[in-house]
1. I'd like the full set of residues that are charged (D, E, K, R) and out of contact with any helix residue (DSSP H, G or I) (no Cβ under 6 Å at 6 or more places or on another chain), limited to the range 88-136.
2. Suppose we filter ASN151, ASN198 for residues that are more than 19 Å from ASP68 (Cα to Cα) and open to solvent by 60 Å² or more (accessible area, probe 1.4 Å); which single one remains?
3. Check off (1) out of contact with any Gly (no Cβ under 7 Å at 6 or more places or on another chain); (2) surrounded by 13 or more Cβ atoms within 10 Å (Cβ to Cβ) for TYR86 and give me the number that stays unchecked.
4. Quick check: is even one residue across the range 66-78 in contact with a helix residue (DSSP H, G or I) (Cβ under 6 Å, 6 or more places away or on another chain), among the small types (Gly, Ala, Ser), at pLDDT 95 or above and under 15 Å from THR102 (Cβ atoms)?
5. In contact (Cβ under 8 Å) with a residue 24 or more places away in the chain, open to solvent by 80 Å² or more (accessible area, probe 1.4 Å) and under 16 Å from the mean Cα position of the chain (by Cα): which single residue out of ARG206, ARG244 fits that description?
6. Please enumerate the residues belonging to the range 1-38 that are surrounded by 15 or more Cβ atoms within 10 Å (Cβ to Cβ), in a loop (DSSP other than H, G, I, E, B), at pLDDT below 90 and not polar (S, T, N, Q).
7. Which condition number in (1) at pLDDT 95 or above; (2) small (Gly, Ala, Ser); (3) over 24 Å from TRP117 (Cα atoms) is the one that GLY265 fails?
8. If GLN54 satisfies every condition in (1) under 16 Å from the mean Cα position of the chain (by Cα); (2) under 24 Å from ARG206 (Cβ atoms) but one, which is the exception?
Amino acid sequence: KQWYQRRVRGTIGTKMKFATETLLLMEHAKTITPVLGISFHDGALVTNYPWDGQPGLYTGQYAKSPDDDLFISLAKTYSYNHAAMYDVSQQCNGDSFADGITNGNKWYKVFNGMQDWNYVDNDCFEVTIELGCCKYPSDAQTTFSSVWSDNFNSVFAFTALAHQTVRGTVMTLDGTPLLGATISVEGIEKGVHVRHENGYYWRPLRSGVYTITATKTGYFPLIRRNVAVTAGETTVVNFILISRNQVLNHEKVDIYHPEKNFKPGEEDLL
């Protein structure tokens, strides 16, 4: 987790001071277990994706996040469904963002932005939408109508991708939700966590076949192999983790539970 420590613990901590409204938004975000997020700005016409800032890199250098391929796909979905964003000829002030998207640090370096924080600290896959060239419109009503029309399809197309996930629950054998359990995807350094009180997790992924592991301190990890993710569809993968104490105390533990959506050969204890 060195990338996490470098990015967050080194830049957000006791030395950072946030505005009251920023703190309130951060607290709210932690209560709703978001899957995807959008932050709206003005001053350009582009979809911006993490990293916004990467320690050790200069502005203009590409800062690749663990979910870079996914973020590019999310960003293109927004841009391609926009009325003009994907068209370089309609971008602002000589900008030339291919496909209407940009990596944040590649554009200009910013630390402690909402999209990076949400991704790292809240497991929310957020992008920043620059809505247009004018930051201070003189005719608010006309501008709002234009922005609404230009972005309507994009917002709904982007939001629909919240369903292209692996989702499910992480529970104990007796059905207790395991808050704080980590869901890891082989080959992707960033995990997501069980934050919902009923044990739910959500993990956006591109189409493909994955190996997914659930872990929790004090429990045996569980691997689910050959998990297929299909475009536009949700794949349900539930986990039941066995307490190490139960095994150490020689309690009888039945690993195969048909009623818990397990099938022989699909589960492996590490």
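The values are calculated or read from the model by the stated rules, or taken from the named source; none is laboratory data. Source: prediction; values computed, not measured. A quick note on method: Cβ atoms are made from the backbone with ideal geometry, for glycine too, and the neighbour counts reach across all protein chains shown. For the accessible areas, the whole protein counts, side chains as well, though only heavy atoms, and no ligand, DNA or RNA atoms are used. Shrake-Rupley method; radii C 1.70, N 1.55, O 1.52, S 1.80 Å.
1. Our first condition is that a residue be charged (D, E, K, R); within the range 88-136, this holds for 95, 99, 106, 109, 116, 121, 123, 126, 130, 135.
Result: ASP95, LYS106, LYS109, ASP116, ASP121, ASP123, GLU130, LYS135.
2. The unique qualifying residue is ASN198.
3. (1)
4. No: zero hits.
5. After applying the criteria, what remains is ARG206.
6. Once the filter is applied, which keeps residues that are surrounded by 15 or more Cβ atoms within 10 Å (Cβ to Cβ), in a loop (DSSP other than H, G, I, E, B), at pLDDT below 90 and not polar (S, T, N, Q), the range 1-38 yields only ILE12.
7. (1)
8. With (1) under 16 Å from the mean Cα position of the chain (by Cα); (2) under 24 Å from ARG206 (Cβ atoms) applied to GLN54, the lone miss is (1).
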